[in-house]
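Written out below as C-alpha cells is the structure these notes cover.
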Amino acid sequence: MNVRFFFGYVITLILFVFFGCDKNEIIEDKDLKSNLIESYIDESGNTKNSVDERIRNLEKAYSIYSTLINNTFKVEKIQEISFAYFALDDKENYRAMNEKALKLSREINDSLNMAESYAYLGLYYKSTKLDIAYENFYEAEKIYSSLDYRKYEQKNYAFDRGKVLIDLALILRKIKNYSESESLTIRAIENFVLAENNQYLPLCYNNLGIISKYTGLYEKAIEYHLKAIEYAKGTDTEVLQILSSYNNIGTVYKSQKKYDKAKEYYNKALAYKDFLYKNRKREARLIDNLAYVNFLSNDTSRLPELFFKALQIRENINDKYGVATNTLHLAEYYKSIGQDSIAREYGKHSRDISLKLQKNEELLKVYLLLSEVSDSDEALFYANNYIKLNDSLIKEERLFKDKFARIKFETDEIAQENQQISRENEILIIAILGLTALFLLGYIIFRQQQSNKELLFAQSQQESNEEIYRLLLNQQIKLEEGRQLEQQRMSEELHDGVLGRLFGVRLSLDGINQRANDGFTEARNKYIDELKSIEKEIRLISHDLGSESLPSDVAYIDAVESLISDLCDANEINFEFNNDEDIDWEVIDDQKKVNLFRILQESLQNIFKHANAKSIKINFDYIEDKINLTILDDGIGFKSTKVKKGIGLKNITSRVSQMSGVVQFLSNQDAGTKVSVSVPL
C-alpha cells in the first residue's frame, strides 16, 4: 500500500467512524470497501466494546456491503459478516446473512459459494431442525459432486466438501442409518486427505468408531478411536480427543462385557486431572461411566459413592442431561440391592428431568425400571407408559427416516428437472448426430448381413460335415456291435453245439471200447484222444471269441474266475485265485477290465502252450490307487533275453501301455515265470 493510498484510507475511515455513512453514498474503490468491511468486522470482535456497539459495527459493515456490485467478491463479504454474527451468538442474523448470500450466489451462478451458503445454513439448523439441516447439507453436497473438474480444481474445495460430508454422516448416525453414515464419513476422509488438512480427521474416525460399536464391530471400533487420537496429536485438541476416545473405548468394552478393560480406559481418562478440573462436565461423565461399569461387574467397593460424586458435580454445574442419566443409574443400583423405595425416588427424579428435556431414550429406561419397583397399580401405569413411548419412538424413527428419504428424493427430483431442461437443449444436436449415425448404421448393418450370410453358409457346411462324420461313426459303432454279437453267437454255437456233439461221440466210442473186444480198441482210443484234443481246441476258440467283450449280466470277477477255471480244467492244471475285496470293479472303466481280462487270457495261453506247469497262482491286489495283477506258474520258464520276441508278450505289453500301466516278466530257466501288471485307476 503506497503512502497516498494509506492517507486516503485513514481519512475515509475517520469520516465513517465520526460522521457515519449515508447508505446511498457510492463508494468507487473496491479495495477500500473491502478494507472498511474488514475493519468493522474486526471491531465487532473487540470484547472491550459492549454487545450493542459490536452489533452496530456489523450493521455498518453490511451498509458498505450493500453498495458492492453483485459478484463473487460480494458473496464472500456477506459470508464474513455472517461469521461475525455467529461469533456474537446472534444466530438469526447469521441465518439471514447466509440466506442473502445463497440468493446472490444463485443470481450470479456461483456454484462454490452456493454450496458454502447451503453448508452454513445447515450449521444453523443442525441443533434445532435436523431435517432442514440435512436438506441444506445435502444440497451443498449435490453441488460439490456436480462441479466441472475442468473449471474447478477439486483440491481447492475438498476441505469444505469434507466438512459437509461429515455433517451429513453425523446426522445420519443420529437417525441410525449407520451404513450410509459410514460411507459418507469415508468420503469425507478422502476429501480431507486430498485437501492435506487433518483438522477434522479425528472427528471422522471418532464417528466411524461409534458406528462400528453400534453395528457390533468392536475391534474395529477400538481401532478407529485410537486412530482419532493419533490424528489429534500435536493439535490444540489433543487432550480433549484423548479423553473422548478413552471414554468411547471404555464404552466399547462395556458393550462387550469386558468390564476390567472398560475400567482401565475410564481410569486412564480420569488421570488427566488438570484438564478435567476445567472441564467438570466431562469429568462427571467419566466418573458416572466408571461407577456404572463397577455396578455391572458387581464391584460395589466404591458404590454408591462414585455415583454421588458424579451427581454432585452435575448438579453444581446445572448439567440437567447428566443428572437425568446419573439418577437413572442410582435407581438401577438401589433396585439391584433390594431398596425399591430409594430406587423409585431416583427413578422419578430422572423421569421428571427427562420429560422436561424430552430425553426419550432415558425416559424409556426409567418407565421400565419404575414398572419393576412400584406397586401393582402404579407398575401397570408405568408399564403402559413404557409401551406407548416405545411405540411412539419406533413410529417417530420410521417417520424421521421416511422424511429424510423424501427430502433426498425431492432434492434429486428437482435436480432431475433441471437436468431435463439441459437435455432438451441437447436434443437437436443429438437428432442431427443421430440421423448421421443412422445412415452409417444402415450401411454397417447391410455389410454385416452380407458377412452373416457367408458365415451362415460356412457354418452350414461345417454342420453337414459333422453330420456325415456322426453317421460314419454310428455306422462303425453298429458294425462293431454286430461283430461282437456274431462272435458271441459263434462262441455259444461252438461251446454248446459242436463241443456237445463231439463230447457225445467220444462217450459213445468209450462205451463201444468197454463192450467190444475185436482188436480195434487201440485204434478207437487213438481217435478218442484226438477228439479230446479237438474239444480242447474248440473250448479255447470259444473263450477267445466270447471274451472280446464282457457279458453285462455277469459280475466281472465271476467271469474272470470262470475263465481261469475252464481253461485250467481243460488243461488239467491246478490253480489258486485271489481277489482283493477293496477293488470296486463296478466303478472301473470297462476298457480296462477287458484289457486285464485279455492279458490274463494271453498269459494262461502262454503257460498252457510253453510252460509245462503243474500249478498256477493268480492274484488281484489294490495298492496305492493301483490294481496289481500277478500271474505265477511253476513251469520251465524262459530266458530273459527272449522276453520281447513273442507276439503274445508284445500284445500284453501293448495293452498295459494303453492303460498307462507297467508290466514286468520275471523268469529263469527251470524256475517258473512271474507276470506282474500294475495299472492306475
(Q) Beyond 26 Å, how much of the Cα-Cα pair distribution for segment 68-183 remains, as a whole percent? (A) 18 percent
Q.
Per residue of segment 558-568, what does 6.51 cos²θ - 1.76 cosθ + 1.60 with θ = phi - 60° give for ³J(HN,Hα)? Whole Hz please, x for Gly and Pro, Karplus curve as stated.
A. 5, 5, 5, 5, 5, 4, 4, 5, 5, 5, 5
**Q.** Ranked order, 524, 280 - accessible area, probe 1.4 Å, largest first
**A.** 280, 524
Q: Averaging over all projection directions, find the projected area of the Cα convex hull of segment 215-317 and quote it in nm² with one decimal place.
A: 6.8 nm²
**Q.** Accessible surface ranking that places the most exposed of 594, 51 first, with a 1.4 angstrom probe
**A.** 51, 594
Q | Estimated FRET transfer efficiency when R0 is 45 angstrom, pair residue 178-residue 91 (beta carbons, to 0.05) | A | 0.90
Q. What would the Debye formula give as log10 I(q)/I(0) at q = 0.15 Å⁻¹ for the alpha-carbon point model of segment 50-103, no solvent?
A. -0.37
Q.
At a threshold of 8 angstrom on Cα-Cα distance, excluding pairs fewer than six apart, so keeping six or more, what relative contact order does segment 581-681 reach in percent?
A. 29 percent
Q. If R0 is 30 Å, what FRET efficiency do you get for residue 465 and residue 658 from their C-beta distance, rounded to 0.05?
A. 0.55
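If you roll a 1.4 Å probe over segment 283-401 with all protein chains in place, what percent of the accessible area is carbon or sulfur?
47 percent
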Q) Label-point separation (nm) for residue 190 and residue 590, each offset 7 Å from Cα along Cα-to-Cβ? A) 6.2 nm
Q.
How are the alpha carbon pair distances in segment 547-626 distributed across 5 Å bins from zero to the largest one, expressed in percent?
A. 3, 13, 26, 24, 18, 11, 5, 0
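Roll a 1.4 angstrom probe over the protein heavy atoms and tell me the percent of accessible area of segment 192-256 that is carbon or sulfur. It would help to have the intermediate numbers written out before the result.
Details: 1390 of 2970 Å².
Carbon and sulfur: 47 percent of the exposed surface of segment 192-256.
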Q.
Could you tell me the extents of segment 161-249's C-alpha atoms along the three principal axes, largest first, rounded to whole Å?
A. 33, 29, 17
**Q.** Net lengthening on full extension, residue 398/residue 273 (0.36 nm per residue, minus Cα-Cα)
**A.** 40.7 nm
Q: Over segment 265-357, calculate the relative contact order: mean separation of alpha carbon pairs under 8 Å at least 6 apart, over the residue count, as a percent.
A: 22 percent
Q | In nm, spacing of pseudo-spin labels at residue 475 and residue 534 (7 Å Cα→C-beta vector) | A | 4.1 nm
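Which of the peptides 386-395, 358-367, 324-333 is most tightly packed, and how do the rest follow, judged by the mean count of other Cβ atoms within 10 Å per residue?
Packing order, densest peptide first, comes out as 324-333, 358-367, 386-395.
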Q) What accessible area per residue comes out for segment 29-73, rounded to a whole number of Å², with a 1.4 Å probe? A) 54 Å²
Q. In whole percent, what relative contact order does segment 201-294 give with Cα contacts below 8 Å and a gap of six or more residues?
A. 22 percent
**Q.** segment 258-314: C-alpha gyration tensor shape, a/c 1.5 cut-off, then a/b vs b/c
**A.** oblate
Q | Heavy atoms of residue 336: accessible area, 1.4 Å probe, square angstrom to 10 | A | 70 Å²
Q.
As a test question: what accessible area, to the nearest 10 Å², does residue 674 have when a 1.4 Å probe is rolled over all protein chains in place?
A. 80 Å²
Q: Holding the Cα-Cα limit at 24 Å, pick out from 348/388; 91/233; 126/155; 233/254 the pairs that are longer than that.
A: 91/233; 126/155; 233/254
Q. Any idea how far apart residue 35 and residue 148 come out in nm if each label point goes 7 Å out from Cα toward Cβ?
A. 3.7 nm
Q. Ranked highest first by average number of other Cβ atoms within 10 Å, how do 160-171, 197-208 line up?
A. 160-171, 197-208
Q: Using R₀ = 41 Å, calculate the FRET efficiency as 1/(1 + (r/R₀)^6) where r is the Cβ-Cβ separation of residue 451 and residue 430; round to 0.05.
A: 0.90
Q.
At 1.4 Å probe size, with the rest of the protein present, what percent of the exposed accessible area of segment 43-184 is carbon and sulfur atoms?
A. 45 percent
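The values are calculated or read from the model by the stated rules, or taken from the named source; none is laboratory data. The shown structure was predicted, so the numbers you read here are calculated from the model rather than taken from an experiment. So basically every Cβ, Gly included, is an ideal-geometry build from the backbone, and we count neighbours across all protein chains shown. The area values use the complete protein model at the heavy-atom level, side chains included, leaving out ligands, DNA and RNA. Shrake-Rupley method; radii C 1.70, N 1.55, O 1.52, S 1.80 Å.
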